[in-house]
1. For region 364-478, please list each of the helices (runs of 4 or more DSSP H) lying entirely inside it that holds at least 2 residues being among the basic types (Lys, Arg).
2. Yes or no: Ala219 part of a loop (DSSP other than H, G, I, E, B) and closer than 22 Å to His88 by Cα?
3. Name every residue in region 175-208 that is touching a strand residue (DSSP E or B) at 6+ places or on another chain (Cβ under 9 Å) and either of a type in the set (A, V, I, L, M) or at pLDDT below 95 (or both), in order of residue number.
4. What are the residues in region 241-251 that are among the β-branched types (Val, Ile, Thr) and without any contact (Cβ under 8 Å) to a residue 60 or more places away in the chain, if any?
5. For Gly94, are the conditions met, namely being of a type in the set (Gly, Ala, Ser), touching a helix residue (DSSP H, G or I) at 6+ places or on another chain (Cβ under 9 Å) and at positive phi?
6. Take the conditions more than 24 Å from Ala386 (Cα to Cα), hydrophobic (A, V, I, L, M, F, W, C) and either modelled with pLDDT of 95 or more or not assigned by TED's automatic domain parsing to the domain that holds Ile439 (or both) and apply them to Ala320. Does it pass?
7. Would you confirm whether any residue within region 195-213 is closer than 18 Å to Ile96 by Cα and among the aromatic types (Phe, Trp, Tyr)?
8. Please specify each residue of region 396-426 satisfying the condition of being buried (at least 22 other Cβ atoms within 10 Å of the Cβ), touching a residue at least 60 places away in the same chain (Cβ under 8 Å) and of a type outside the set (A, V, I, L, M).
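The values are calculated or read from the model by the stated rules, or taken from the named source; none is laboratory data. Just so it is clear, the model here is predicted, and its values are computed rather than measured. Note that each Cβ is placed from the backbone with ideal geometry, even for glycine, and that neighbours are counted across all protein chains shown.
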Amino acid sequence: MSEFAKRRGRISKVMATLAAGAMVAGMAGGLNTLGANAAPVGDTASAPQTSTVNGYRNVGYFAQWGVYGRAFQAKQLDVSGAANNLTHINYSFGNINNQTLKCFMANKAQGTGPNGSDGAGDAWADFGMGYTADKSVSGVADSWDQPLAGSFNQLKQLKAKHPQLKVMISLGGWTWSKNFSAAAATKESREKLVSSCIDLYIKGNLPVFEGRGGPGAAAGIFDGIDIDWEWPGSPNGEVGNIVDEVNDRANFKALLAEFRKQLDEYGATQDRKYMLSAFMPANIVDIEAGGWNDPENFKSLDYGNIQGYDLHGAWDSTLAGHQGNLYDDPTDTRAAHRQFSVDKAVKAYTSNGVDPKQLTIGLAAYGRGWTGVASEKAWSAATDGAPGTWEKGIEDYTLLKNRGTDYYDATLGAAWRYDGTQWWSYDNAQTTKQKTDYIVDNGLGGGMWWELDGDKEGELSGIMATDFRGAKAGPISEPAPPVTGNPGDGGTNPTDPPAPGECKAAAWNATSTYTAGTLASYNGVEYKAKWWIQGAAPGTDAAWEKVTDCDGSTTPTEQPTETPTDVPTDTPTDVPTDTPTDTPTDVPTVTPTENPGGDTCAAAWAATATYVGGDTVTLDGVSYKAKWWNLGDKPGASQWGPWENLGACA
C-alpha cells in the first residue's frame, strides 16, 4: 500500500510509510465543483429536487481543517457555483473514541505516533467558530448566543439555498480509523457505536462547548453516514491502527448491517430514508482483506466511492509516475502487484457481482509530484518529492493547473505537468471528461472528489456535472431531502404553515429568510428568530423562541430587532491541518506570525481561555506563542503541544 499524508482535523502530519506492494489508502478525495462551466439551474425552490445530476452522483469531500490555513468555507461552494453541480457533500471526518468506542466530539489536536488520534477532535471547526457576515453563506453574522455555528451551521445554510444537496458525515479516514476494528468486534459494541453516531450526527445531539451545542442543535444537517474505515483486515492502514486480520472482514459486514438497521429504524420515525455510503479501496489486497466487493455489503450500502487516486506518490521519492490513471500503463516499471488503475479497481467490484450503479469513482483535486526529473515521460527517475504549498509531494489543483507544460495520454486516461525538473500527476479537464464518459459508458453511479478545497472555483467537478447533463440519463433515482418540517429532521424543507389564527405577526413562510429578532406566526403561536434561519418551521428548530400564544387578546411585547453579533469570529489561520484521511493532500503546517517574547511578559495563560494561532501568553515567567487553536493545553507540558517557547520574560 502506498503511504498518505494524514490529514486529520487539525494537525498537519507527514505521510505515513506505506507497506510494500500495497496501494495508497488515500481518503476519499475530491474537490469542488465548477462555477464557470456550470449549467444554469434556475430557482432551485421552484421545481421538485433530486440529489442527482441527470441520474448521476457528483460527490465532494469537505475537509474539516480546510477552514483554517486554506480559508475554504462553505460559502465558497455557493459563490463559485460548485453547489449547483454537487449532489452530496461528505464532511470529513468524525472520530471514534478509543475508550468508549463511540462517536464523540472534542477540542483536542491530532497528536503524533500510534496514539496520536486518541481523543482528537475539532468541535470548534464543526460547530463552535463564529462567522462574520462576509464569510457566511447567508450573508448574516453569527450571533454570540446561537447554539450552532461553525461549518455545521454553514452547511445547513448551504442546504437551504441548494435543496438538492445531501450532506453526509464521514467517519474515520486515514488518520481516524484506528478504533473501527475494536468498535466492530462484538454485537454489543457495534450497536453502541452506531447508536452514538446517529445520536450525535443524525439526531444532532451535540455536546456543549463554550456555549455552543446542546440537544438537537445539529438536527437536519446530515442526511446519512459515510464509512471511511481504512482498512479492515489489512495492515496497510495508518501505523497504530487496530487490525484483526481474521475477524475484521465479517465484523465489517456486520457493522454495515447494523448501520443500515438503525438508520432505517430512526428514519421510519421521521418518514424519511437516511443514506449509508463508504469510501472503498482500489488495492486488490485491501479489497479482499475487508471483503469490500462482497455484494452482501451493498444490501446495506446505498453506494460506495472507489479510491481513484494515490495509486502512486512521493512516498516512492525516486520514481515519478501516474497517481490516477484510468487504465493500466504498459510502461509502468514497478512490480506487477504494485501496478494500479481505476479500471482495474472497478472491475474488482463489478466482476464479483456488485451492481455498477452502486459505484462511484474518485478523482483528485490535487496533484502528486517529484523533483529532479530529467524527462517528461512517466516512470522517470526523480530525486525527491516536489515542494508543495502545504506538504512535500502534494499540490492543490488550483495552484498546479498552470505550472509548467500540460501533458495528456488518452490511452491511459492520465494527465501530468512538467516544468523541466518538477513532474506532477493530476486530474485536469481532459481526464475529468474521459473519466466522466467512462462512468456513463459503464453504467456507474457517478464520481467523487477529494477534496473540495483543492479546486477552489469548482472547475473540475463542474466539468463532470456538465458532461453528466449532456449524457444519457444515469441509473440513479434519488430524491432530495424530503419536505417534512417534523421536529426531528431540522425542518430542512418544511411543509407550508397553517393559518396563523389571530396572530399579529405575519405567517411564517418556508422560503423566507428570517434574521435575529424577526417575528413570525405558526400554528397559532407567535415566535421570534434568535438568529438567521431559513426553511425550518417555528417550534422545530432551536433558532425560534416562542413569544406568545395567539388568542386574539394578547399583544406581544415589542421585540428587539437584533441580538448581539459579537460572536467570536476569529478563524485560526495557522492550525496545522491534517491531510485527508486517505489522501492527505493539503494539510498546511503553517507557522504563525512572529510575536514578541523576551523582555515584556504577555497576559497570564488561563486554562479556561481559547487561544488561536499567534496568541502569546505567560506562564511561570516564560512567554509562549500558540501554534494553533487550543483550549486547556498547558504551555510547556509537551514538546508536541500547541505552544512554542519564546523564552523568559519579565
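1. Values: elements: 397-400, 429-441, 459-470.
Once the helices (runs of 4 or more DSSP H) in region 364-478 are filtered for at least 2 residues that are among the basic types (Lys, Arg), what remains is 429-441.
2. Numbers: part of a loop (DSSP other than H, G, I, E, B): yes; closer than 22 Å to His88 by Cα: yes.
It is true that Ala219 is part of a loop (DSSP other than H, G, I, E, B) and closer than 22 Å to His88 by Cα.
3. Residues satisfying the conditions are Ala182, Ala183, Leu193, Val194, Ile198, Leu200, Ile202, Leu206, Val208.
4. Taking region 241-251 as the starting set, the residues that turn out to be among the β-branched types (Val, Ile, Thr) are 242-243, 246.
If the condition is that a residue be among the β-branched types (Val, Ile, Thr) and without any contact (Cβ under 8 Å) to a residue 60 or more places away in the chain, then Val246 is the only one that fits.
5. Details: of a type in the set (Gly, Ala, Ser): yes; touching a helix residue (DSSP H, G or I) at 6+ places or on another chain (Cβ under 9 Å): yes; at positive phi: no.
When the stated conditions are applied, Gly94 does not pass them.
6. Numbers: more than 24 Å from Ala386 (Cα to Cα): no; hydrophobic (A, V, I, L, M, F, W, C): yes; either modelled with pLDDT of 95 or more or not assigned by TED's automatic domain parsing to the domain that holds Ile439 (or both): yes.
It is false that Ala320 is more than 24 Å from Ala386 (Cα to Cα), hydrophobic (A, V, I, L, M, F, W, C) and either modelled with pLDDT of 95 or more or not assigned by TED's automatic domain parsing to the domain that holds Ile439 (or both).
7. The answer is yes; a qualifying residue exists.
8. Answer for region 396-426, where residues must be buried (at least 22 other Cβ atoms within 10 Å of the Cβ), touching a residue at least 60 places away in the same chain (Cβ under 8 Å) and of a type outside the set (A, V, I, L, M): Asp396, Tyr397, Gly413, Trp416, Trp423, Ser425, Tyr426.
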